[in-house]
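Read-outs: derived from the displayed coordinates by stated rules, not from any lab. Predicted model, so just to flag it, every value in this text is computed and none were measured. Cβ coordinates were reconstructed from backbone atoms using ideal geometry, including for glycine residues, and neighbour counts include every protein chain displayed.
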4 protein chains.
Amino acid sequence: MAKLYFRYSAMNAGKSTALLQVAYNYEEHGRRVCIYTAAVDHRFGSGYVTSRLGPKRAAATFDEATDFFTELSQTDDIACVLIDEAQFLGVHQVKHLHRVAHILGIPVICYGIRSDFQGEPFPGAAHLLTLADSIEELKNVCHCGKKATMNVRVDERGRRMTEGEQIAIEGDVRYVQMCGRCFYQDWEVRA
Amino acid sequence: MAKLYFRYSAMNAGKSTALLQVAYNYEEHGRRVCIYTAAVDHRFGSGYVTSRLGPKRAAATFDEATDFFTELSQTDDIACVLIDEAQFLGVHQVKHLHRVAHILGIPVICYGIRSDFQGEPFPGAAHLLTLADSIEELKNVCHCGKKATMNVRVDERGRRMTEGEQIAIEGDVRYVQMCGRCFYQDWEVRA
Amino acid sequence: MAKLYFRYSAMNAGKSTALLQVAYNYEEHGRRVCIYTAAVDHRFGSGYVTSRLGPKRAAATFDEATDFFTELSQTDDIACVLIDEAQFLGVHQVKHLHRVAHILGIPVICYGIRSDFQGEPFPGAAHLLTLADSIEELKNVCHCGKKATMNVRVDERGRRMTEGEQIAIEGDVRYVQMCGRCFYQDWEVRA
Amino acid sequence: MAKLYFRYSAMNAGKSTALLQVAYNYEEHGRRVCIYTAAVDHRFGSGYVTSRLGPKRAAATFDEATDFFTELSQTDDIACVLIDEAQFLGVHQVKHLHRVAHILGIPVICYGIRSDFQGEPFPGAAHLLTLADSIEELKNVCHCGKKATMNVRVDERGRRMTEGEQIAIEGDVRYVQMCGRCFYQDWEVRA
């Protein structure tokens, strides 16, 4: 039985690397995969899945208009669908991907983060966590050495930002992973 | 470091049994636990955590007015907080429980289901999935033998119900767990 | 596809409770399970799976002569095989149970501990860990509050025992779970 | 508390890639890791951890004489020990690495396979599975599409080998991952 998988982590854990490895593993068997990434995320150029270890490859992009169920029901011979930056999926798209696994019978593996810089859920991620047949964590460490679970937005001068839009990729912001304790300690001080 | 745990399953997997076992394990060491269940759920009498295997015990009840952070910051010597029917937690309560773990330093273990009879998230469950330091699945089987992940509402004559309120505990409804494939097969036919 | 599962923990985590819950869940669907426990373990009377929460039920016993593959290939209509105290399985029996899952197509769920009071593997447990399709941990706490992974043998006066046979169930010994750090701290002092 | 981790998989899942990613993640924080691989494994040149995606880096090698506890107790400032091809560890070395985590307080993450081409445990892997504080699976697929758990040795003409030494890296053998069912189906036919 095909399944919907959600492999989540905090920022900078190696989700794209893991995705590229799964694609490699399928293709080594001569099987075909279908890779998507979010159009909105163009940190490394639009339409690429990029591992910080070096490897990158082209991918289809999705935006809110992408109709995964229709696209994938018209494609033959897909062994697996792989989606990077899956926190940017819309709620309806997650429902469609759940049907891709359970009605079309194609495994779907989504990689993404769970919460934004304020600790709020990305709606797509919350829906993936709700419907996934298998939820798996890719671990990363906080600067304090504990497991990171939260994401913090930092401006160009390294200062934590506590207000703003949920999605900010442009400009000089970057994201740092933290454990729950550090997330609140800093928050108390600076927010 | 204390953590927030979410141990989820489909209906009828044995969540209450698992909670009672964890309470027993702590108390065997002479440590004190604090047990809550949802006031809204009175299938087995209000204020009880009841295992279908037989054991049951009294528990504090929570409703939307319960202020976990304040209650627990005024209590000494709690080794662990255990919450049954955690899908009924409010979003703010989940945020507070995350702070109970990471600011007060008390482990919090929540047991609940993820989605309702229409496959929609319970808001409290979606927030637990987003913030939990550890997400663990208690497995149960669909009538077809596969792992159950979805919940179906059935009326007193055994017919699947596809419309209604998210929460319905009164009367003659009951809930049956299903795998994703069976969930949609039936849905297509009857919905 | 049927699988071989190994659900392990340190002592006193609630393995028998979990087994009884799974049996209940299958039987609630009108499906038949086959339950075994080790003949060598008669702490609660031979031939019973006993939850410390109260529930118990009769089970077939296995010893080194039990031929699981032959027994189970002659039985119809078994939805699941459940084995308690699985650390006492022989290596060949674990190989047979792997074949029960993958050749006969019957799911096998084994519950047991991993290591003895000296931190040495039980051969049956080591083979289960090697062959299981799914390895899952039932968690329990050390007296210090951390996750317990090790097992300590204690005599009737509460003193840690560091020498003796791998299996000792008779008499006044009992077993206490510990985390790795406490296991070595005490060991250094007393061994 | 530092832990001993064992991240296992069947062959060709991407263990080395995962190890390199963890190293990268630590170093990105300015923290130092210590990487070992087995001297016996020189498929990609001795003393390298090599991802099939491309990235590789030099690593210390271990053989049966390596005394991890002494080496690591003399080294300052190691945030994490990473060991590739950990199935080749000796039993005593695994015990030492457990002490590195719990006495020296340094996290140790081991990557390896569990069983050889005949389904027999590697002694080092069996001991890691017994002592690890955290056991995590890196998944890979069998040619049939199911999860691979077993490893098969194949000669230069693609024929399955069912007899030979546990360790064979020289010459023209290679290894292919399989699920339990395919492992036995082929075995019955050819062995």
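Checked against a 29 Å cut-off, the cross-linked pairs B:Lys146/D:Lys139; C:Lys95/C:Lys146; A:Lys15/D:Lys3; A:Lys147/B:Lys139 give Cα-Cα distances beyond that limit for C:Lys95/C:Lys146. 3J(HN,Hα) along the stretch B:95-104: 4, 5, 5, 4, 6, 4, 5, 9, 9, 7 Hz, from the Karplus curve 6.51 cos²θ - 1.76 cosθ + 1.60 with θ = phi - 60°, whole Hz, x for Gly and Pro. Going by neighbour counts of Cβ atoms within 10 Å, the residues C:His143, A:His102, B:His96 line up, fewest first, as C:His143, B:His96, A:His102. For the rotational copy pair A/C, the chain A residue whose Cβ lies nearest the symmetry axis, together with its distance in Å, is A:Met1, 5. Label-point spacing for D:Ala60 across the identical copies (point 7 Å from Cα in the Cβ direction), in nm and ascending order: 4.8, 5.0, 5.1.
Stretched out straight at 0.36 nm per residue, the stretch from C:Arg52 to C:Asp155 would grow longer than its current Cα-Cα span by 35.0 nm. In nanometers and ordered shortest first, the copy-to-copy spacing of the B:Glu27 label point, defined 7 Å from Cα toward Cβ, is 2.5, 5.3, 5.8. Counting from the shortest, the label point at B:Glu156, 7 Å from Cα toward Cβ, is 6.1, 6.9, 7.8 nm from the same position in each remaining copy.
Over 18 Å, how big is the tail of the calculated P(r) for the stretch D:99-173, in percent of all Cα pairs? Looking at the stretch D:99-173, the distances longer than 18 Å represent 55 percent of pairs. Where only DSSP H runs of four or more residues are counted, chain B gives -7500 deg cm²/dmol as its mean residue ellipticity at 222 nm, each run worth -39500 (n - 2.57). So what does log10 I(q)/I(0) come out to for chain B at q = 0.11, 0.15 Å⁻¹, using the Debye formula with one equal point on every Cα and no solvent? Once normalised to I(0) and log-transformed, intensities are -0.49, -0.89. Taking θ as phi - 60° and the Karplus parameters 6.51, -1.76 and 1.60, the scalar couplings of the stretch C:73-84 work out to 7, 9, 10, 8, 6, 8, 7, 6, 9, 10, 10, 9 Hz in sequence order, x denoting glycine and proline. Using 1/(1 + (r/R0)^6) with R0 = 30 angstrom and r between the beta carbons of A:Arg31 and D:Asp63, what's the FRET efficiency to the nearest 0.05? Efficiency, from the Cβ-Cβ distance: 0.20. The ranking of A:His98, D:His92, D:His29 by Cβ neighbour count inside 10 Å, starting from the fewest, reads D:His92, D:His29, A:His98.
Shape summary of the stretch B:33-114, radius of gyration then Dmax from alpha carbon positions: 12.4, 36 Å.
Running Debye on the stretch D:150-190 with equal point scatterers at the Cα sites and no solvent, what base-10 log of I(q)/I(0) appears at q = 0.17, 0.18, 0.28 Å⁻¹? Log-scaled intensity ratios, in q order: -0.43, -0.48, -1.07. When the P(r) is computed for the protein assembly as shown, the part past 53 Å accounts for 6% of the Cα-Cα pairs.
First measure r as the distance between the Cβ atoms of D:Glu165 and A:His143, then evaluate 1/(1 + (r/R0)^6) with R0 = 45 Å and state the FRET efficiency to the nearest 0.05.
So the FRET efficiency works out to roughly 0.45.
Ordered by the count of other Cβ atoms within 10 Å of each Cβ, fewest first, A:Thr162, C:Thr17 give A:Thr162, C:Thr17. A viscosity of 1.567 mPa s and a temperature of 4 °C, combined with the Kirkwood radius over C-alpha pairs in the Stokes-Einstein formula, give the stretch B:32-76 a diffusion coefficient of 112 µm²/s.
Dipole magnitude for the stretch A:4-137: about 260 debye, using +1 per Lys or Arg Cβ and -1 per Asp or Glu Cβ, origin at the Cα centre.
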